[in-house]
Each structure stands twice: as C-alpha cells, then as structure tokens.
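Enquirer: I'd like to ask you about the structure that follows.
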Amino acid sequence: MGDAYESVTVDIEGHVAQVTLVGPGKGNAMGPAFWAEMPEVFAKLDADSDVRAIVLTGSGKHFSYGLDLAAMGGSLSGVMAGGASARPRADFHATILRMQGAISAVADCRTPTIASVHGWCIGGGVDLISAVDIRYASADAKFSVREVKLAMVADVGSLARLPLILTDGHLRELALTGKNIDAARAEKIGLVNDVYDDAEASLAAAHETAAEIAANPPLTVNGIKDVLDQQRIARVSESLRYVAVWNAAMLPSKDLTEGITATFEKRAPNFTGE
C-alpha cells in the first residue's frame, strides 16, 4: 500500500492483509500513533476490494500491553488537574470518543478480521480483539481486562463488545477482578476460538482461515458481516456513548493517580475510594 505507519505494518499477499502492531511503545503498547492511525488503516483496507480478509497480530513477544500510559499521560493530566472546571472534562470526553473510534474502525470494517494473539494481551489489547470476528491464540497467550486495577472503567470497547462474546458471569469475573487468564481458560470461556502450540502456529491458522474466507464470494461475505453486525450496532454504540460520559465525569480520582503511580513504581496500590 506504500503507507508508512508508526503503530502498525501492513502487508498484503493475495487477498489477505496482515496488520501487525509494532508499538512504538514496549510490548506494542497503544500510544498516540495507534489511536490516530487505526481508523485510516482499516478504512483503506476496507475500501480495497482486493483485500478480502485481514489478519491482526503483534510483533515481538507480545500482542499488546494495552494503553501506553507513559505516552498517553497528557490526555489524563489535563482532566486530573481540571478540578471543578468543565473544559478539561469536555476535552477528555472528546478524547475518549476519538479513542473509541480507533477500535470501532476495526469492528465496523466490512472485511472479516482474524486476530492471532501471543504473549500478553492486556487492557486495550482486549478492547482491540473484542472488535474482530475470530480470535486465535498461542499456548503462551495471557489476557487481562486490567483497567480496574488502575482505577479505570474500561471505555474503548471491552465492556461494550465482550457481552456479545462471553457469558455474563465470565465477563464480570474478568472485569471486576482484573485477573490474568491463560490461553486454555480463554478458550474454555469462549474468548478465543482455538489455541495453538506457539505464535507461528496461531498466525498460520489465522492465515489459513483468512484464505478460506477470501475464497468465498466477497459481496456475500460482506453481507454476512453486515447482517450479523446489525444485531449489535445499537447496543454497542449506546454502551460506548454511556461509558464516555461516565468516565469524563468520574474517571479523574485520587485512586487513578494511585493506580498509575503504583504501576510505574511496581508496587501494590492502596485504593481509598476517593
């Protein structure tokens, strides 16, 4: 495609595109480039009629550590310092909507998407895979809806889309504890379709399925996605709008400062409910 992106590489072979997360933050963490580039990446792929399936994976040892806290600190600092002023919260609300749009670009893509997850898939990584059609994992994959441990309500897709993927009890357990689960557990609760021996095998399986989809009539495939998505569009969009307002009002807290500080200091946080 000739487009140079900072957060991903895009490789097209035959009718299948591979989008690989590359950071630039450690563990393919999602910094400003990711949130800015994803809508463009997926809009371009979706508009390319030669691309009939998209495989999404991560470079290096991990899929994604999720939100790049160090790089995205500026988005939070304004609203944290804003006190009773409305402007920082309004700006923060707009930021949340923009970030939601980066994940929605993947979910709303008419071209089928398949994620291959290896290593860590944390927070924003789970938001991202909740937006694809099919999820595969390597045996070493580990998943965590970790936002609660930072004193955050996950706001870019997990709480909106995982209810359509997981049963209620399993979702609540993950979201309320922030615990880590391994690939076997992820498969058992239906977060991933299948688990493979290693990252290479998982990626190969994703490409095999992508090729199988790509061999089907493309307009029919688009139609199937369109019909399936129709059932969730209103529900997901209401949830995203609601959490954006909730977080613009409630996210700034002493506990959030403590959660982020504890993360950087590699210590256990002490939350007080303030």
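Enquirer: Rolling a 1.4 angstrom probe over the protein heavy atoms, how many square angstrom per residue are accessible across region 121-229?
Expert: Accessible surface, normalised per residue, equals 43 Å².
Enquirer: What order do you get for 6-18, 29-41, 256-268 when each peptide is scored by the mean count of other beta carbon atoms within 10 Å, highest first?
Expert: Ranked by mean Cβ neighbours within 10 Å, highest first: 29-41, 6-18, 256-268.
Enquirer: What are the semi-axes of the equivalent ellipsoid of region 1-143, taken as the square roots of 5 times the eigenvalues of the Cα gyration tensor, listed largest first and rounded to whole Å?
Expert: Taking √(5λ) for each Cα gyration eigenvalue gives 28, 18, 13 Å.
Enquirer: Also: Please tell me the relative contact order of region 1-56 in percent, rounded to the nearest whole number, where contacts are Cα pairs under 8 Å and at least six residues apart.
Expert: Once normalised by length, the contact order is 39 percent.
Enquirer: On to the next question. Tally Lys and Arg at +1 and Asp and Glu at -1 over the other residues with C-beta under 14 Å from the C-beta of PRO218: what net charge comes out?
Expert: Neighbour charge sum, excluding PRO218 itself: -2.
Enquirer: Further, regarding this structure: Based on C-alpha coordinates, I'd like the Rg and Dmax of region 102-148, in Å.
Expert: 10.9, 32
Enquirer: Kindly state, as a whole number, the per residue volume in cubic angstrom of the convex hull around the alpha carbon atoms of region 179-260.
Expert: Roughly 164 Å³ of hull volume per residue.
Enquirer: Shifting gears a bit: Probe radius 1.4 Å, ligands and nucleic acids ignored: give me the carbon and sulfur share of the accessible area of region 1-157 as a rounded percent.
Expert: Answer for region 1-157 is 54 percent, counting heavy atoms of protein chains only.
Enquirer: Express the carbon and sulfur contribution to the solvent-accessible surface of region 179-274 as a percent, rounded to the nearest whole number, probe 1.4 angstrom.
Expert: After summing per-atom areas, the C and S share lands at 56 percent.
Enquirer: To the nearest 500 deg cm²/dmol, what mean residue ellipticity at 222 nm is calculated for the chain from DSSP H runs of n ≥ 4 alone, each contributing -39,500 (n - 2.57), summed and divided by the residues?
Expert: Value at 222 nm, helices only, nearest 500: -15500 deg cm²/dmol.
Enquirer: Hey, any idea what Rg/Rh is for region 1-77, computing Rh the Kirkwood way over Cα pairs?
Expert: Dividing the radius of gyration by the Kirkwood radius yields 1.01.
Enquirer: Give the shape of region 232-274 as rounded, prolate or oblate, defined through the alpha-carbon gyration tensor: a ≥ b ≥ c are the square roots of its eigenvalues, a/c under 1.5 means rounded, and otherwise the shape is prolate if a/b is larger than b/c and oblate if not.
Expert: Cα axes put region 232-274 in the prolate bin.
Enquirer: Cα axis of helix 218-230 to longest principal axis of the chain: angle in degrees, 0 to 90, nearest 10?
Expert: The answer is roughly 30 degrees.
Enquirer: Send over the Kirkwood Rh of the chain, from the inverse of the averaged 1/r over different Cα pairs, rounded to one decimal Å.
Expert: One over the average 1/r among Cα pairs gives 19.0 Å for the chain.
Enquirer: Where does region 106-210 land on Rg(C-alpha)/(2.2 N^0.38 Å)?
Expert: 1.00
Enquirer: Also: Count charges around THR209 for me, please; just the other residues with Cβ under 10 Å from its Cβ, Lys/Arg as +1, Asp/Glu as -1.
Expert: So the surrounding residues net to -4.
Enquirer: A further question follows. Relative to the longest principal axis of the C-alpha atoms of the chain, give the angle of the C-alpha long axis of helix 199-214, reported between 0 and 90° and rounded to the nearest 10°.
Expert: Tilt relative to the chain: about 60 degrees.
Enquirer: Excluding THR95 itself, what net charge comes from residues whose Cβ is under 11 Å from its Cβ, given Lys and Arg +1 and Asp and Glu -1?
Expert: 0
Enquirer: Sort out for me the Cα centre separation of region 88-117 from region 1-47, rounded to whole Å.
Expert: Cα centroid to Cα centroid, the span is 13 Å.
Enquirer: Here's something else I'd like to know. What number, in percent, do you get for the relative contact order of region 93-235 if the mean sequence gap of Cα pairs under 8 Å and at least 6 apart is divided by its residue count?
Expert: Taking the mean separation of contacting Cα pairs over the length of region 93-235, I get 28 percent.
Enquirer: When all protein chains stay in place, what accessible area (Å², nearest 10, 1.4 Å probe) is found for LEU203?
Expert: About 40 Å², rounded to the nearest 10.
The values are calculated or read from the model by the stated rules, or taken from the named source; none is laboratory data. Note that this is a predicted model, so its numbers are computed, not measured. Glycine also receives a Cβ, built like all others from the backbone with ideal geometry; neighbour counts cover every protein chain displayed. Areas reflect the complete protein model, heavy atoms only, side chains present, ligands, DNA and RNA absent. Shrake-Rupley method; radii C 1.70, N 1.55, O 1.52, S 1.80 Å.
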